[in-house]
Structures are given as structure tokens and as C-alpha cells.
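Here the structure comes first, spelled out in C-alpha cells, and everything after it is commentary.
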Amino acid sequence: MRDPAGRADYFVALVQGIIAHGQAETALTLSEERLHGIVASALHGIVALDQRRRIATFNPAAEEIFGYRADQVMNLPADFLVPPRLTATYLTHMKVLLAGDYGPDTYPKRNRLAALREDGSELRLEASFSRHASEAGPFITFRISRRNWRQSDACVSSPRRSSRVRSLSSLPTWPAPSSTSIRA
């Protein structure tokens, strides 16, 4: 297409569009590399689950905590990390978390969890989570640390409880820790 002076107007616009697209791709690649570097170097385990509870992120610290390599667990449902006696509780909590059907005071800032290592041994973990929406659906990211904890230890929680918290009080709770401290 040419402008009134006879110059190739369409070609110029196409080249500008290609250049802008290339710049956007470069910016996206740099952003992804930066995020990958942060997640890979984190001292805490980071595990992200998609809307079907499949593992989407499993960083090196999570590999160390659970004993699995990321390539062994990527895209698998995370259910195998949950002790069998807690599967129903886990599924109930994941349904609430993925639906986003909770208020800011529903869950403590830090949750105590029991989980399974690759060798079958049970771990006591402390985890925080966040829920994010994306075009592909919601996902949950857990930040996990191995900490020694006892039944007397208190989770961090807001003293104010919403009505939603009270309605969730009938749900099974995250597993109570044993009375002895487990060294990780």
C-alpha cells in the first residue's frame, strides 16, 4: 500500500510492528530468566500447583526437601506428597484455595504441614501460600521451609476472624504436629 506521495506506507508499518514484537519478546524472555533465577536461588522450597493440583514449579530447595528431582515431578498431581491419612483434608483445602473462596483471615500466614519425602519418610514443614489467577486458570504457590516445631508452637494468625473463617472451622484442619520435634 502506498501513501499519496507514492511511498510504501504499509511496508513501513509492518517493519515497525515486527520490531515492536521482537522487543516485546526480548523483554518477556529477560523477565522469565530473572524470575527463574530468583526461584532457583531461593533458600526455601517453592512449589506451584495449577488448577488441577499438578506441579508447575519445583525449585532446587524443594528437590532437597522432598528428595525428588524437578524433572521427576513436573506436571504430576501433588497428591503423592501428602500422607495418605491426610489426603481428604488436603483435597478439601485445595478445593477452597483454588476456588479463591476464602477471606484474608481464613488461613494463618504460616501453616504447618505433614508431607512425604521420596523415601517414604514423613516431614514436618512450615509453609505459606499465595493464590494467583492467570489466563490458564488459578494456581497456588507454596513457600516451604523445614523447621522444627512442636504442638506448643503458635502459628501466626490475625486475631480477627471473618465469618468465612468461622464457616470453615468445620473443615478438617492442617495436620496437628506430634508432641516431639522432628529434625529435618
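The values are calculated or read from the model by the stated rules, or taken from the named source; none is laboratory data. Keep in mind that this is a model prediction, so the values were computed, not measured. Cβ: placed from backbone, ideal geometry, glycine included. Neighbour counts: every protein chain shown.
Here are some notes:
- Residue within the range 141-148 that is at pLDDT below 90, farther than 26 Å from ILE38 by Cβ and not acidic (Asp, Glu) present: yes
- The range 95-111, subset surrounded by fewer than 18 Cβ atoms within 10 Å (Cβ to Cβ) and modelled with pLDDT of 85 or more, residue farthest from ARG146 (Cα to Cα): ALA99
- Residue in the range 4-50 that is farthest from LYS95 (Cα to Cα), counting only those that are modelled with pLDDT of 80 or more and hydroxyl-bearing (Ser, Thr, Tyr): THR26
- Leading residue by the ranking (surrounded by the most Cβ atoms within 10 Å (Cβ to Cβ)) among those in the range 44-90 that are small (Gly, Ala, Ser) and part of a strand (DSSP E or B): GLY45
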